[in-house]
1. In the list Ala65, Ala71, which residue meets the criterion of being surrounded by 14 or more Cβ atoms within 10 Å (Cβ to Cβ) and at pLDDT below 90?
2. Identify all residues within the stretch 201-224 that are surrounded by 23 or more Cβ atoms within 10 Å (Cβ to Cβ) and either of a type outside the set (S, T, N, Q) or over 22 Å from the mean Cα position of the chain (by Cα) (or both); write none if there are none.
3. Being over 27 Å from the mean Cα position of the chain (by Cα) and not in a helix (DSSP H, G or I) is the filter; apply it to the stretch 93-136 and report the residue that is surrounded by the fewest Cβ atoms within 10 Å (Cβ to Cβ).
4. Within the stretch 144-169, track down each residue that is in a helix (DSSP H, G or I) and modelled with pLDDT of 95 or more.
5. Here's a check for you: in the stretch 25-49, which residue that is assigned to a strand (DSSP E or B) and of a type in the set (Gly, Ala, Ser) is modelled with the lowest pLDDT?
6. Looking at the stretch 106-127, which of its residues are more than 16 Å from Gly64 (Cα to Cα) and free of Cβ contacts under 8 Å to residues at least 60 places away in the same chain?
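The values are calculated or read from the model by the stated rules, or taken from the named source; none is laboratory data. Model, not experiment: these values are computed from the prediction. As a convention, Cβ positions derive from the backbone with ideal geometry for all residues, glycine included, and neighbour counts pool all protein chains shown.
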Amino acid sequence: MTESRFQYTGDLAEEPLPEILRTIHHYRVPGVVTATSGDVVKKIYLMDGNVIFATSSDLADSLGAFLKQSALITSGELRISADRIHASEGKRHGELLVEMGVLTPEQLRQIVTEQVKAILHSVFSWEKGVVTLEVGRFRTDELIQLDMSTPQAIADGIRRLPDPRRVVSRLGPSWTVFARGEVPAEASGVAWGEGELKLLSLVDGRRTLRDLITAGPDDVSMNAKLVYAFWVLHLVTRREAPTSGIRKIQWKTRSGTFPADGGGTAG
């Protein structure tokens, strides 16, 4: 942490968002995380160790676009509500849709919650860009807030990664051995599923990354992402095992083939 206005800066090309958020969460400071890639700016608002909101400058992330994708309103209703935004005095799109009777307040709450989660999760797949944290309390007039623990946001974002290859490369070669870390599952701030806890129980200080990913209860791709999530959240730690006589490997997943050793092929 520095003394400048932006208390933390990270480069997504060098460090994925889950690891950056874990570093930020360590300090438990309120602030706004701004991720910038090209012309797109997305912001994640943190308070008391929780993610409470996310915004995006990308029109594809707007409420109107989200509603159109969900097919919850017709194109005509969307067009009428968009026209009314320009004539209204600072009213929000969702507020107008409720006034029109298109959505109920509860429907709007559910939709906005999912929209905000989608914005948040979308940043996890960015492989380039700059992330900054501006520390300090902020005022927000958002009535609909997530109040999601940052570790839960990290785990959810990792689960939804479309391709596990980059995160697997962060874990080390396939023969890397994993042991239990300093944080127990119940204290991680994440609601883990039964299968996920079963995978965590396999970590015993002897099994390798290959063992865990191939023996876990889910498919290889998801198991790889979960081991990465465990590592980011300090539920597991890694140590190098002797490499003499070990062959490099590739694993097949539903989305294709990815190496667990930073690019090696089967020999």
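1. Working: Ala71 fails: surrounded by 14 or more Cβ atoms within 10 Å (Cβ to Cβ).
Only one candidate passes the filter, namely Ala65.
2. Leu209, Leu212, Ile213, Ala224
3. Residue satisfying both the conditions and the ranking: Gly101.
4. Of everything in the stretch 144-169, those that are in a helix (DSSP H, G or I) and modelled with pLDDT of 95 or more turn out to be Thr150, Pro151, Gln152, Ala153, Ile154, Ala155, Asp156, Gly157, Ile158, Arg159.
5. So the residue we want is Gly31.
6. Taking the stretch 106-127 and keeping what is more than 16 Å from Gly64 (Cα to Cα), we get 106, 120-127.
Correct list: Glu106, His121, Ser125.
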